[in-house]
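Trainee: Got a structure for you, questions after.
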Ligand code: DSN
């Protein structure tokens, strides 16, 4: 970062501090990961200079299919970025078996917005998972565009199992006749049965949409059922388990392809971020390699090992465990006297462990305080940690909980965390060069 260091020492200092935070801390935020140097290089490349409104293809009048030989941009000089976007699209189609892919959404939220606009209209009814039960803001929260523009009906998880109750979802669908049924979650530790959702959607003649942002890497590796065969339209981010740059993507059946393209551009976005699309293309190449499958298997194995070790340490987990890359610790209600999610998040931070507070189903605390902590294994697995380290991490989390008000003790744990992290170096050359 020699140019940043010279041009802007203040930004440089913060970036340097962030590098060291990522290097010295245990990153357990379930939606975060650490990208390869190739992905990072693309995200910081000359492609940031290029305007490329439009697409690297046009729809052929003859065949009705996309044709990469036809110029589909509103700017000249796009011949090289065209190739990059084509590579990203074709690789994503191959990974997930999708009929059509749009790699231009700047984020998961924008992917969701464009997806909704492609298939339904403002005022239509959406049936989706409630945020406090593991859903996402853009799945209909009143403060999100989704809640403002659409009529939202939410399903929740079962009070007994803390898992999806497909009978309840079906009943709500029959009662409210939604135009669109949406599944996918930010904090749901269990496998989602897309076939059941499809059957419910068919029964009420609804569009079926899946937001697979959290599990996309697992899906790519065949470790979670693929929603593509069942859903009309699927959205994802590329930076979570998929381990690419921060961004979004839409995958859909061919019959929705033109509408999706039109809603992304010019519907809700202007120029695509070509440097990020290059980084997505590289991420997809990595995802097609056998080593990616091994990585995802280890993510799942580590999550299972961490969940077991947490339970052995006396923690209660939402739904009693995990099938995927994440788990939710239920810290119990205020009356039990333990820390809230907010307090625990702060204590973990002081110990060099990064996670986020999260509501648990039927939470009695406010969302900003919350009674849960969400934990995921994608980032620590990228660093090379395995089951043995998961046991050590569970021990750290237990120590933090037992000492959440004791800053001295938390500082002692932080030293142990740093020692563990030093055995699994992250961006070692960057750390060395910038010290
Ligand atoms: N998807 C959220 C998360 O899981 O952290 C962020 O939008």
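Trainee: From the list 52, 88, 92, 111, which one is touching a residue at least 40 places away in the same chain (Cβ under 8 Å), within 16 Å of the ligand (Cβ to nearest atom) and not in a strand (DSSP E or B)? Working first, answer last.
Mentor: Details: 52 fails: within 16 Å of the ligand (Cβ to nearest atom); 88 fails: within 16 Å of the ligand (Cβ to nearest atom); 92 fails: within 16 Å of the ligand (Cβ to nearest atom).
Testing whether each residue is touching a residue at least 40 places away in the same chain (Cβ under 8 Å), within 16 Å of the ligand (Cβ to nearest atom) and not in a strand (DSSP E or B) leaves just 111.
Trainee: Further, regarding this structure: Only one of (1) in contact (Cβ under 8 Å) with a residue 40 or more places away in the chain; (2) touching a strand residue (DSSP E or B) at 6+ places or on another chain (Cβ under 6 Å) fails for residue 152. Which number is that?
Mentor: (1)
One line per residue, one yes/no per condition, for (1) surrounded by 20 or more Cβ atoms within 10 Å (Cβ to Cβ); (2) touching a strand residue (DSSP E or B) at 6+ places or on another chain (Cβ under 7 Å); (3) outside any loop (DSSP other than H, G, I, E, B):
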residue	(1), (2), (3)
370	yes, yes, no
373	yes, yes, yes
379	yes, yes, yes
390	yes, no, yes
429	no, no, yes
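Trainee: Just for region 164-214: of the residues that are more than 20 Å from residue 140 (Cα to Cα) and within 16 Å of the ligand (Cβ to nearest atom), which one is surrounded by the fewest Cβ atoms within 10 Å (Cβ to Cβ)?
Mentor: This residue is 190.
Trainee: Which one of 220, 231 is in contact with a helix residue (DSSP H, G or I) (Cβ under 8 Å, 6 or more places away or on another chain), buried (at least 24 other Cβ atoms within 10 Å of the Cβ) and free of Cβ contacts under 8 Å to residues at least 60 places away in the same chain?
Mentor: 231
Trainee: Can you go through 222, 147, 135, 217 and tell me which one is out of contact with any strand residue (DSSP E or B) (no Cβ under 7 Å at 6 or more places or on another chain) and within 14 Å of the ligand (Cβ to nearest atom)?
Mentor: On the way: 222 fails: within 14 Å of the ligand (Cβ to nearest atom); 147 fails: within 14 Å of the ligand (Cβ to nearest atom); 135 fails: out of contact with any strand residue (DSSP E or B) (no Cβ under 7 Å at 6 or more places or on another chain).
Of 222, 147, 135, 217, the one residue that is out of contact with any strand residue (DSSP E or B) (no Cβ under 7 Å at 6 or more places or on another chain) and within 14 Å of the ligand (Cβ to nearest atom) is 217.
Trainee: Applying the selection to region 49-72, what residues are touching a helix residue (DSSP H, G or I) at 6+ places or on another chain (Cβ under 7 Å) and farther than 24 Å from residue 235 by Cβ?
Mentor: 50
Trainee: If you go through region 140-187 one residue at a time, how many are closer than 19 Å to residue 208 by Cα and in a helix (DSSP H, G or I)?
Mentor: Looking only at that region, the number is 14.
Trainee: Is region 62-81 home to any residue that is in a helix (DSSP H, G or I), touching a residue at least 12 places away in the same chain (Cβ under 8 Å) and away from the ligand (no atom under 16 Å from the Cβ)?
Mentor: yes
Trainee: Moving on. Residues of region 397-419 being touching a residue at least 60 places away in the same chain (Cβ under 8 Å) and buried (at least 18 other Cβ atoms within 10 Å of the Cβ), which ones?
Mentor: Within region 397-419, 397, 401, 404, 410, 413, 414, 417 meet the criteria.
Values quoted throughout were computed directly from the atomic coordinates according to the rules given, and no laboratory measurement underlies them. Owing to the predicted nature of the structure, the values given are computational and were not obtained by experimental measurement. Every residue, glycine among them, receives a Cβ derived from its backbone with ideal geometry; neighbour counts consider all protein chains shown.
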